[in-house]
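Enquirer: Let me give you the structure first, and then I'll get to my questions.
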Amino acid sequence: MCGIAGIISNKPLDNMLSLLKKMSDAIAHRGPDGEGQWSNGTNTLGLAHRRLSIIDMSENGAQPMRYQNRYSISYNGEIYNYKELRAELEKKGHQFVSSTDTEVLLGLYAEYGHACLTKLDGMFAFAIYDEKEQTLFCARDRFGEKPFFYKHDKQSFYFGSEMKALWAAGIHKEENPTMQYNYLAYGFLKNPKNIGATFYRNIYELPPAHFMMYDIASDTMKLTEYYQIHTQEKKIENPSEQLRILLNESVAHRLRSDVAVGCSLSGGLDSSLIATLIKETIGEAELKTFSAVFPGYQKDESAFITATAKKINCNSFVVTPSLADYESEKERFLWHQEEPVVDESPFILYKVYELARKNNSKVLLDGQGADEIFAGYHAYYFTYLRELRKQNRELYTRENKLFKKLAKSGVVNDYRFFRRQNNLSKLFGNKLSDIRTWKQKIDQLRSQKVNASLFKTEHKNSFKRPYHFNNLNERLQHDATKGKLQTLLRYADRSAMAHGVEIRLPYLSHKVVDLLFSLPAEYKIKEGWTKWILRDAFSEKLPQEVAWRRDKVGAEGELK
């Protein structure tokens with residue numbers, strides 16, 4: 001995990017290296033273990049890197065890295081199957097001087113070109129300069145775990161892990177009124193019709209599962225999608241067993257590191273299972289877990305955290321973030337986030353990852369992503385029931401009865417909220433629907449109203465959420481690639497990298513995702529339970545009060 005940056009200019013820049021250093025200094029928190037800048041002979045192209053040493057901590061792993069006296073790379077991320085890929089390349093005659101996944105990535109590109117992306121199991125954002133072809137190949141992982149921002153005009157091309165690297169190079173910081181409007185009106189943090197749009201004009205994010213080929217001579221770029229989640233159902237023999245195999249493999253691969261690996265532990269099913277599988281894999285070795293607790297709060301997770309920690313015999317560390325913490329740290333916290341946040345969860349993550357770094361853990365496995373692929377949120381019931389009503393009336397009647405019982409008991413505590421969300425377009429039509437203010441406890445901006453001129457100018461450009469989907473898998477696909485998951489991944493990346501901590505997400509192995517989306521909806525929601533297949537496959541490994549609890553919600557606590 002690192003920070004990357006780079007420049008391509010249509011004319012030589014005498015200050016190329018100093019400009020690259022400014023860019024990398026702006027994201028030094030992403031890589032506190034080292035830095036490097038490199039430019040070509042004409043000072044028209046340069047790469048910069050900030051290093052967080054995880055694999056091969058020697059100087060052989062320093063970046064920007066050269067390969068075959070032709071390719072240069074600045075790379076952020078981890079290729080978890082790099083050992084297998086290295087062996088494959090060595091059989092083809094490739095030789096390596098380091099033990100890094102970075103050099104393996106260069107070898108893969110030299111061997112296969114952009115097709116190398118289909119071989120990768122990992123999280124990544126990188127740029128590879130091909131000196132012979134005069135191209136810059138930029139790519140981002142399948143689900144967007146690692147960020148890549150860029151700005152392009154006729155004179156230059158700039159990129160970086162965070163927008164602050166671009167601003168450090170002198171790129172003008174201008175707010176995007178369309179994104180601003182749609183956030184205030186509808187609560188959107190991403191544009192589902194243009195996932196690459198940001199809250200700043202002329203600065204774009206390379207979409208997940210895309211690569212960009214930039215031809216330097218012609219100053220042209222082409223974006224290509226290399227991976228899609230397919231929602232076509234397939235017949236899978238014993239899917240629970242298949243899930244056990246794939247998730248265990250995913251955890252094992254994400255434990256590859258030359259430094260100790262810890263785990264976030266929230267008390268819910270997702271992180272508790274990851275911690276359990278880690279402990280099974282590492283045996284008697286120490287496992288550190290890191291949690292946020294809120295004594296006295298009705299949804300405090302302490303009891304569930306303690307139950308899991310006791311069962312797997314881990315070394316548990318806890319922190320209690322407070323409103324006072326936020327008030328004293330909000331300026332720095334928001335500087336790291338760059339774009340809006342809407343609740344306490346990213347600041348809670350920020351404090352958990354700070355706790356990990358203070359206790360000498362700079363790699364953590366985390367449970368993020370499970371809700372969006374296993375249908376963990378209660379709101380998914382509505383899409384599921386609508387699908388059943390069309391396809392299986394008998395099952396619909398049975399599941400609807402169970403759901404109503406849950407709603408009446410208060411377990412599905414977001415029932416009314418999501419009904420209101422589903423009806424917004426019917427209630428308000430083309431009128432301004434919901435002027436949202438930033439939560440008082442996350443008071444980034446003062447209470448605002450959208451003025452008449454902004455409404456008149458920008459409303460025609462607004463984008464509305466597609467509330468109705470044909471089936472549950474279709475909605476999950478949207479949320480994973482264009483919706484909530486994209487925001488959550490940004491929260492995690494910025495909150496972790498603020499402290500130089502690397503987050504790895506086993507549930508976002510593309511093999512696990514592909515399996516889940518090939519299964520019918522009833523494997524996700526069944527008999528009144530969300531995440532059915534996950535509970536069914538692994539319940540024996542967890543404390544039963546964790547495996548079969550219903551009350552876990554997205555937020556981990558409440559700042560007081």
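The values are calculated or read from the model by the stated rules, or taken from the named source; none is laboratory data. What you see is a predicted model, and the numbers here were worked out from it, not measured in a lab. No Cβ is skipped: glycine too gets one built from the backbone with ideal geometry, and neighbour counts run over all protein chains shown.
Enquirer: Go over the candidates Ala217, Ala185 one by one and state the one that is more than 18 Å from the chain's Cα centre (by Cα), closer than 20 Å to Ala127 by Cβ, among the aliphatic types (A, V, I, L, M) and at pLDDT below 95.
Expert: Sole residue among the options that is more than 18 Å from the chain's Cα centre (by Cα), closer than 20 Å to Ala127 by Cβ, among the aliphatic types (A, V, I, L, M) and at pLDDT below 95: Ala217.
Enquirer: Another question, then. Give just the number: which of (1) β-branched (Val, Ile, Thr); (2) closer than 30 Å to Val513 by Cβ; (3) assigned to a loop (DSSP other than H, G, I, E, B) does Ile128 not satisfy?
Expert: It is condition (3) that Ile128 fails.
Enquirer: Could you check segment 86-125 and list, in sequence order, the residues that are in contact with a Gly (Cβ under 8 Å, 6 or more places away or on another chain) and either part of a loop (DSSP other than H, G, I, E, B) or of a type in the set (A, V, I, L, M) (or both)?
Expert: Leu89, His94, Phe96, Ser98, Ser99, Thr100, Met123, Ala125
Enquirer: If we keep just the residues of segment 321-364 that are hydroxyl-bearing (Ser, Thr, Tyr) and surrounded by fewer than 17 Cβ atoms within 10 Å (Cβ to Cβ), which is nearest to His29 (Cα to Cα)? Can you show your working first?
Expert: So the first thing to find is which residues in segment 321-364 are hydroxyl-bearing (Ser, Thr, Tyr), and the list is 322, 326, 328, 345, 350, 353, 361.
From what is left, the residues that are surrounded by fewer than 17 Cβ atoms within 10 Å (Cβ to Cβ) are 322, 328.
Numbers: Ser322: 23, Ser328: 19 Å.
Of everything passing the filter in segment 321-364, Ser328 is nearest to His29 (Cα to Cα).
Enquirer: Moving on to the next point. Quick check on segment 286-315: of everything there that is among the basic types (Lys, Arg) and over 16 Å from Lys541 (Cβ atoms), which residue is modelled with the lowest pLDDT?
Expert: Filtering first and then ranking leaves Lys299.
Enquirer: Which one of Met221, Met179, Met163 is in the same structural domain as Leu17 (by TED's automatic domain parsing), surrounded by fewer than 21 Cβ atoms within 10 Å (Cβ to Cβ) and among the hydrophobic types (A, V, I, L, M, F, W, C)?
Expert: Met221
Enquirer: Another one. Name, by its number, the condition in (1) among the basic types (Lys, Arg); (2) touching a helix residue (DSSP H, G or I) at 6+ places or on another chain (Cβ under 7 Å); (3) at pLDDT below 95 that does not hold for Lys460.
Expert: Answer for Lys460: the failing condition is (2).
Enquirer: Could you list, in sequence order, all residues of segment 44-57 that are at pLDDT 95 or above and farther than 21 Å from Ala498 by Cα?
Expert: Of everything in segment 44-57, those that are at pLDDT 95 or above and farther than 21 Å from Ala498 by Cα turn out to be Thr44, Leu45, Gly46, Leu47.
Enquirer: Same structure, new question: Can you confirm whether Lys151 is under 22 Å from the mean Cα position of the chain (by Cα), crowded, with 17+ Cβ neighbours inside 10 Å and under 23 Å from Lys484 (Cα atoms)?
Expert: Criteria not met by Lys151.
Enquirer: A follow-up question, please. Out of Lys390, Lys401, Lys362, report the one residue that is modelled with pLDDT of 85 or more, in the same structural domain as Ala324 (by TED's automatic domain parsing) and over 21 Å from Asp536 (Cα atoms).
Expert: Lys362
Enquirer: In segment 1-8, is there at least one residue being assigned to a loop (DSSP other than H, G, I, E, B), at pLDDT below 95, surrounded by 23 or more Cβ atoms within 10 Å (Cβ to Cβ) and in contact with a Leu (Cβ under 9 Å, 6 or more places away or on another chain)?
Expert: Yes: one or more hits.
Enquirer: Can you tell me which residue among Ile195, Ile171 is at pLDDT 90 or above, within 16 Å of Ile7 (Cα to Cα) and part of a loop (DSSP other than H, G, I, E, B)?
Expert: Numbers: Ile195 fails: within 16 Å of Ile7 (Cα to Cα).
Going through Ile195, Ile171 in turn, just one is at pLDDT 90 or above, within 16 Å of Ile7 (Cα to Cα) and part of a loop (DSSP other than H, G, I, E, B): Ile171.
Enquirer: Of all residues in segment 493-538, count the ones that are touching a Lys or Arg at 6+ places or on another chain (Cβ under 7 Å), in a helix (DSSP H, G or I) and small (Gly, Ala, Ser).
Expert: So the count comes out to 1.
Enquirer: Somewhere in segment 126-133, is a residue modelled with pLDDT of 95 or more and of a type in the set (Ser, Thr, Tyr)? Walk me through how you get there before you give the answer.
Expert: Quick first cut of segment 126-133, residues modelled with pLDDT of 95 or more only: 126-133.
Imposing the further condition that a residue be of a type in the set (Ser, Thr, Tyr) reduces the set to 129.
Yes, segment 126-133 contains at least one residue that is modelled with pLDDT of 95 or more and of a type in the set (Ser, Thr, Tyr).
Enquirer: Let me ask another. Residues to consider are Tyr129, Tyr71, Tyr150, Tyr109; find the one that is touching a Ser or Thr at 6+ places or on another chain (Cβ under 9 Å) and at negative phi. Give the derivation first.
Expert: Numbers: Tyr71 fails: touching a Ser or Thr at 6+ places or on another chain (Cβ under 9 Å); Tyr150 fails: touching a Ser or Thr at 6+ places or on another chain (Cβ under 9 Å); Tyr109 fails: touching a Ser or Thr at 6+ places or on another chain (Cβ under 9 Å).
Going through Tyr129, Tyr71, Tyr150, Tyr109 in turn, the sole match is Tyr129.
Enquirer: Let me ask something else. Of all residues being under 26 Å from Asn248 (Cα atoms) and within 21 Å of the chain's Cα centre (by Cα) in segment 68-100, which is surrounded by the most Cβ atoms within 10 Å (Cβ to Cβ)? Just the residue, please.
Expert: Out of the qualifying residues, it is Asn76.
Enquirer: From the list Lys358, Lys362, pick out the single residue that is touching a residue at least 12 places away in the same chain (Cβ under 8 Å), among the basic types (Lys, Arg) and on the phi < 0 side of the Ramachandran plot. Working first, answer last.
Expert: Values: Lys358 fails: touching a residue at least 12 places away in the same chain (Cβ under 8 Å).
None of the others qualify; the one that does is Lys362.
Enquirer: Related question: Working carefully through the options Ala307, Ala275, Ala252, Ala303, find the one that is part of a helix (DSSP H, G or I), buried (at least 22 other Cβ atoms within 10 Å of the Cβ) and outside the structural domain of Cys116 (by TED's automatic domain parsing).
Expert: That would be Ala275, the only listed residue that is part of a helix (DSSP H, G or I), buried (at least 22 other Cβ atoms within 10 Å of the Cβ) and outside the structural domain of Cys116 (by TED's automatic domain parsing).
Enquirer: Same structure, new question: Search segment 26-54 for residues that are buried (at least 21 other Cβ atoms within 10 Å of the Cβ) and pair each with any residue that is charged (D, E, K, R) and in a loop (DSSP other than H, G, I, E, B) when their beta-carbon atoms are under 8 Å apart and the residues are at least 6 apart or on different chains.
Expert: Ala26/Glu162; Ile27/Glu162; Arg30/Glu162; Arg51/Asp33; Leu52/Asp33; Leu52/Lys362; Ile54/Asp258; Ile54/Lys362
Enquirer: Out of all the residues in segment 118-135, is one or more assigned by TED's automatic domain parsing to the domain that holds Leu47 and in contact with a His (Cβ under 6 Å, 6 or more places away or on another chain)?
Expert: Within segment 118-135, none of the residues are assigned by TED's automatic domain parsing to the domain that holds Leu47 and in contact with a His (Cβ under 6 Å, 6 or more places away or on another chain).
Enquirer: Another one. Can we say Pro208 is at pLDDT 95 or above and in the same structural domain as Leu136 (by TED's automatic domain parsing)?
Expert: yes
Enquirer: Then there is this: Residues to consider are Glu225, Glu241, Glu237; find the one that is touching a Pro at 6+ places or on another chain (Cβ under 8 Å) and farther than 13 Å from His152 by Cβ. Even if it seems obvious, please write down each step before you answer.
Expert: On the way: Glu241 fails: touching a Pro at 6+ places or on another chain (Cβ under 8 Å); Glu237 fails: touching a Pro at 6+ places or on another chain (Cβ under 8 Å).
Checking each option against the conditions leaves just Glu225.
Enquirer: Oh, and also: Quick check on this structure: which one of Ala370, Ala324 is of a type in the set (A, V, I, L, M, F, W, C), at pLDDT 95 or above and assigned by TED's automatic domain parsing to the domain that holds Ser271? Explain how you work it out, then say what you get.
Expert: On the way: Ala324 fails: at pLDDT 95 or above.
The unique qualifying residue is Ala370.
Enquirer: Find all pairs meeting these conditions: Cβ atoms under 6 angstrom apart; at least six residues apart or on different chains; first residue within segment 297-310 and free of Cβ contacts under 8 Å to residues at least 40 places away in the same chain; second residue among the hydrophobic types (A, V, I, L, M, F, W, C) and surrounded by 17 or more Cβ atoms within 10 Å (Cβ to Cβ).
Expert: Ser302/Val293
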